[in-house]
Amino acid sequence: MGNQLVWQERYNIGVEVIDKEHKKLFSVLKKLFDFGKQDEKSQWVCQEAVKYFRDHALKHFAEEEAYMLSINYAGFEMHRRIHKNFRERTLPTLERELELTGYSADAVSHFLGVCAGWLIGHTLIEDHAIVEKESVSQWVNLLPEEEQTVMGQTINRLLNDMFRLEPRLVSDCYGGEKFGDGIYYRLIYCSKEGKKWEFILIFEEKLILATVGGMMDNQSETLSTMLMNAARYIARQFVDQIRAHFPDSASFELKEEQLLTYEQFQHVFEKQSHQFSLLFDTGKGYFGYCMIAPHMTLREGGTAILTDNAMNEVEKYLNKKKAEQAVVSQKKTVLVVDDSDFMLKTMQDLLCDDYNVVLAKSGMSAIRTITLNRPDLVLLDYEMPVCDGGQVLEMIRSEEECADIPVIFLTSRVDRESVKKVINLKPEGYLSKTLQPSDVKREVDHFFERRSRSKK
């Protein structure tokens, strides 16, 4: 398994003095990566390498800022603030952690992950923006539907610039459906006036492994704390580039960073008002982007990541996630589709002990969920507005990849004609909503027992 920073020609921006320093910074970090693999480490050597990196980083910032001034770069002030934050906050905190732990392997790993992620993101996004022939204008005087389009285009460009991907917009109204093993980053920005912005970036785990892992020559099939810390800082810069298009973004600072479980993300998503929620298929995994209206921000828990505790909290998050995934992988997945919040909660409470329960409030949300995360059984409300159960079943059957997914209807109608209509659609079965919850649970259990016996 490799763990090093690999210089790539695409990091060049075409300005010799800047590209030269970038290569030097990458080279210093690579030496630290290599040093970290040695069985016998010298604290003094590590100290000197960290000091060398810091000195060159500060020298590079000064030269880069001088160049930006010489060409009257419009984004100079924001770029300088990014340098200042890394110089005065991030680096000193990381160095204190190294000193307090005696340059432990974990602390060195944290330092490398943060610096590698910051350097990659900064080089590919902020530094490349310096030499762009056409700067992206602020999003002003745009209609809401135009903002949505421009937002999608901007995210496409950023995913291409950072990861060399050609993403496809799957949904311009992402409903919060689960896809694969996701990593949920929550970033909350605040102004001095008390206004808030909230962004949630969702990376499918394999997307981080394929992209950030590739940049760091990490061939592992599982996430490490180093890789996660690198991904965190790349995600921050991703969001900062999007924020830069809003006229008042300069007055906001990052106040809170969290890693959420899917359940926490779902709770936040359902409780708050979204200005944008987009879902992309990158070809390497799914990527979701949510921006929540500033005035609707609520605190909903999650694993808080402060610079001082990032190393430990990221590790705890990964261990907890691994344990949860191990439990979930042993359970069958049941998708419950119903427009009633009460019914969804009832079914969640009824089935969650024995099954991995996924919820959808509409037919379209159900289709997206099935596409992203194939369930073992669908419990489908027959009577829903806009797109009823019969239409949803027809759509499921029309897709070759999911045509064989078993569907059981939930219906409140038990008269002969209604039952006949349901049966004609050839579902796996139907259950009356008038049944006792224990009876519904027993029927679901019996369904899986029968399927298990039939496979033997």
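The values are calculated or read from the model by the stated rules, or taken from the named source; none is laboratory data. Remember, it's a predicted structure, so these values are computed and weren't measured experimentally. Reconstructed Cβ throughout: ideal geometry from the backbone, glycine too, with neighbour counts over all protein chains shown.
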Residue within the range 219-235 that is surrounded by 20 or more Cβ atoms within 10 Å (Cβ to Cβ), touching a residue at least 24 places away in the same chain (Cβ under 8 Å) and in contact with a strand residue (DSSP E or B) (Cβ under 6 Å, 6 or more places away or on another chain) present: yes
Members of the range 180-225 found to be more than 18 Å from Leu165 (Cβ to Cβ), in a loop (DSSP other than H, G, I, E, B) and of a type in the set (A, V, I, L, M, F, W, C), listed by number: Leu223
Hey, Glu126 touching a residue at least 60 places away in the same chain (Cβ under 8 Å), more than 28 Å from Asn312 (Cβ to Cβ) and exposed (fewer than 14 other Cβ atoms within 10 Å of the Cβ) or not: no
Every residue from the range 393-414 that is surrounded by 15 or more Cβ atoms within 10 Å (Cβ to Cβ) and under 28 Å from the mean Cα position of the chain (by Cα): Ile396, Cys402, Ile405
Extreme residue, modelled with the lowest pLDDT, among residues of the range 134-179 that are exposed (fewer than 15 other Cβ atoms within 10 Å of the Cβ) and among the hydroxyl-bearing types (Ser, Thr, Tyr): Ser135
Considering residues of the range 65-81 that are part of a loop (DSSP other than H, G, I, E, B) and crowded, with 16+ Cβ neighbours inside 10 Å only, the residue modelled with the highest pLDDT: Tyr73
